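Undergrad: A single structure is presented below for examination.
Quick note: the coordinates plus some simple rules give every number you see, no bench work behind them. Here the structure is a predicted model, which means the values were calculated and not measured. Every residue, glycine as well, gets a Cβ built from its backbone with ideal geometry; the counts of neighbours run over all protein chains shown.
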Amino acid sequence: MVTPYMGSIYGGTSKVVRELSQGFNNLGITVDIITTNANGSGKLDVPLNFWIQEKYYRVQYFPCWHRYDFIFSPSLISWLFKHVSDYDLIHTNTVFAPLVFLTHWICNLHKVPYIITPHGMLEPWALSYKSWKKQFYYALFEKSALQQSSAIHVLANSEADNLKSLGFQHTIVIPNGIHRQEFDNLPEPELFYQQFPATRNKTIILFLGRIDPKKGLDLLAPAFAKVHQKFPHTHLVVAGPDSIGFLPTAQHYFAQEGVLESVTFTGMLKGAFKHAALAAASLYVSPSYSEGFSMSVLEGLASGVPCVITTGCNFPEAAAAKAAHVVKIDADAIADALIECLSNPQQAKTMGDRARQFIFENYTWEQSAKRLMQVYKAIIGGQSIPEALMSSVS
C-alpha cells in the first residue's frame, strides 16, 4: 500500500490505511506500507529508509519536502523504481498527489497492476474546490492513471455513480469499517470532563473531524446558534486536527454567531480520550459538504450516539435503516434535526441504539478486508472482479 502520509493530522486516509491493514492481519495476511514522514506543518519523529515492524503491518517512511498536504519524496520514488516489481499488486491512497501519480507511472512502466482509492477526492464538491488547479492536473495526469488502473476502490454507491459520470466503469464499492471491540464498552466520560471541564454538566453536541473548509463548520456555526438559543445548556465540542491552518477562520464563524464561549475546540482526540468524548456526547453532528465515506460518522453511529449528518456524507444507507437523521447541506436543516433530537430524547436514543446495531452488522474492517481480498485475488489471477463487489451494503 502506498500513501503520501501516515500522520494522524491528515485525518481519515491515514487511519483507513492503518485499520484496513489490521483487518488484513486478522485474516493472516501481511501488508507493506510505503509512505513519508510528512505531518502537517512538521515531520513525524520516525526512523527513515528502513522497514519498521508494527503490530499489524510493516512500514517504511521516507524523508520528504512538503507544504501541508503537497508532498514530494525523491527517495520514495527511487525505492519504488527498484522494488515495485517485488509485488504482485500495489494499492494507492488519495489522488491529486504527485507521489501517487508517479507511483502509478512506475507501476505501468514495470507492468505491475494497481488499485486506486481516491478517498472522496473525486466527489463533485472536492473537484470544485480550487477547481482550476484540479482540472489542469486531472486532465494532464490523473485521468489516464485512473483509466489504466485495475480497479478504482470507492467507499459508497454514490461515489461509484459520480465516477461513472466521469467515464469510469471499473469501480468497486467497499466501505470503511470499525473494529467492533473498540465500541462494545465505551469508557466513562469522566476522562473527557477532567481534560475539558467547561463541558461538564452540559448537553454535548460533538463534531469529530478535521478543521477544514469541506467539513461544513460555516454551516454548523449558525445551526448551533439556533439550537443554543432554544437549548442554552448545549455545548458544542469541535474535536479534530487543524492540518491547513483553518482554525482561526472556523473560530470566527462561531464568534460571528455569538456562541464562541459555548464551543470547545479540543484539537485531535485519540484513543481513550476520543472514546470518552463519544461517551460524553448527547448528539453527534457531521455538517460536511463532501466525504468519501467518513470514519468519524461510523464511529459516532457505532457509539450509539444519535447522529445528524448531511447528504454530503455519502451515507444514504443510514437514512434507509433509520439509523441517523440525514439532512440536506443547509444550516437550518442541520439545526432542525438537532432540535428534534433534543426535543425527543427517547426517540433519539432509539435511533442511536438502532444505528449501533446497524454498524456492527454491516460495517467492520474484517468485512471490508475480506471483500478487498476477493478483488486482489481476482486481479492477480487475471479474473473478472465479482459482480457483487460493484455495489455496497444495502
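Undergrad: Tell me the label only: which of (i) 23.5, 98; (ii) 20.8, 63; (iii) 19.4, 59 is Rg and Dmax of the Cα atoms in Å as calculated from this structure?
TA: Calculated Rg and Dmax of the Cα atoms in Å: the matching label is (ii).
Undergrad: Less than 28 Å apart at the alpha-carbon level, and either on another chain or at least 8 residues along: which lysines does that give for Lys143?
TA: Qualifying lysines at Cα under 28 Å: Lys15, Lys82, Lys111, Lys130, Lys133, Lys134, Lys164, Lys214, Lys215, Lys377.
Undergrad: Still on this structure, please answer the following. Measure nothing fancy, just the Cα-based angle from helix 365-380's long axis to the longest principal axis of the chain, in degrees from 0 to 90, nearest 10.
TA: That works out to roughly 20 degrees.
Undergrad: Given 0.36 nm per residue, what is the gain on full extension from Leu89 to Met373 after removing their alpha carbon distance, in nm? If you can, show how the numbers build up before the last one.
TA: Details: separation 284, 0.36 × 284 = 102.24 nm, distance 1.14 nm.
Here the answer is 101.1 nm.
Undergrad: If packing is taken as the mean number of other Cβ atoms within 10 Å per residue, what is the order of 251-261, 292-302, highest first? Don't jump to the answer; show the numbers that get you there.
TA: Details: 251-261: 16.1, 292-302: 25.4.
My ranking of the peptides, most packed first, is 292-302, 251-261.
Undergrad: A further question on this structure: Grab the other residues whose beta carbon is less than 13 angstrom from that of Ser286, score K and R as +1, D and E as -1, and report the net.
TA: Values: positive: Arg210, Lys214, Lys215; negative: Asp212, Glu291, Glu299.
Local net charge: 0.
Undergrad: Something else about it: Using amide H atoms built 1.01 Å from N in the peptide plane, name the residues 5+ places from His235, or on other chains, whose amide H lies under 5 Å from its own.
TA: Residues meeting the amide H criterion: Thr203, Ile204, Ile205.
Undergrad: Provide the net charge surrounding Glu366, with neighbours chosen by a C-beta distance below 11 Å and charges set as Lys +1, Arg +1, Asp -1, Glu -1. Don't jump to the answer; show the numbers that get you there.
TA: Details: positive: Arg180, Lys370, Arg371; negative: Glu19.
Here the count lands on +2.
Undergrad: Where does the chain land at 222 nm, in deg cm²/dmol rounded to the nearest 500, when only DSSP H runs of n ≥ 4 count, each adding -39500 (n - 2.57), divided by all residues? Could you put the intermediate results ahead of the total?
TA: Details: 16 runs with 165 residues, N = 394.
-12500 deg cm²/dmol, from helical runs alone.
Undergrad: Just the C-alpha atoms of the stretch 180-362: what Rg/Rh do they give, with Rh taken as the Kirkwood radius?
TA: Numbers: Rg = 14.7 Å, Rh = 16.0 Å.
Using Cα coordinates only, the ratio equals 0.92.
Undergrad: Still on this structure, I have one more. When only Cα pairs under 8 Å and 6 or more residues apart are kept, what is the percent relative contact order across the chain? Mind showing how you got there, number by number?
TA: On the way: 764 pairs, mean separation 62.7, N = 394.
It rounds to 16 percent for the chain.
Undergrad: What's the ranking of 359-368, 192-201 by average number of surrounding C-beta atoms within 10 Å, highest first? Intermediate values should be presented prior to the final figure.
TA: Values: 359-368: 18.7, 192-201: 15.9.
Top to bottom by mean Cβ count within 10 Å: 359-368, 192-201.
Undergrad: Please turn the phi angles of the stretch 82-99 into ³J(HN,Hα) values with the Karplus equation 6.51 cos²θ - 1.76 cosθ + 1.60 (θ = phi - 60°), one per residue in order, whole Hz, x for glycine and proline.
TA: 7, 10, 4, 6, 6, 10, 7, 7, 10, 10, 9, 10, 6, 9, 6, 9, x, 4
Undergrad: Based on alpha-carbon centroids, what's the gap between the stretch 26-54 and the stretch 259-285 in Å, whole number please?
TA: Spelled out, the Cα-based centre of one part sits 28 Å from the other.
Undergrad: How much length, in nm to one decimal, is gained on full extension between Gln357 and Leu109, taken as 0.36 nm per residue of separation minus their Cα-Cα distance?
TA: Working: separation 248, 0.36 × 248 = 89.28 nm, distance 4.62 nm.
The Gln357-Leu109 span can extend by a further 84.7 nm.
Undergrad: Full extension from Asp330 to Leu260: what is 0.36 nm times the residue separation minus their Cα-Cα distance, to one decimal in nm? Spell out each step's value before the answer.
TA: Details: separation 70, 0.36 × 70 = 25.20 nm, distance 2.02 nm.
That works out to 23.2 nm of additional length.
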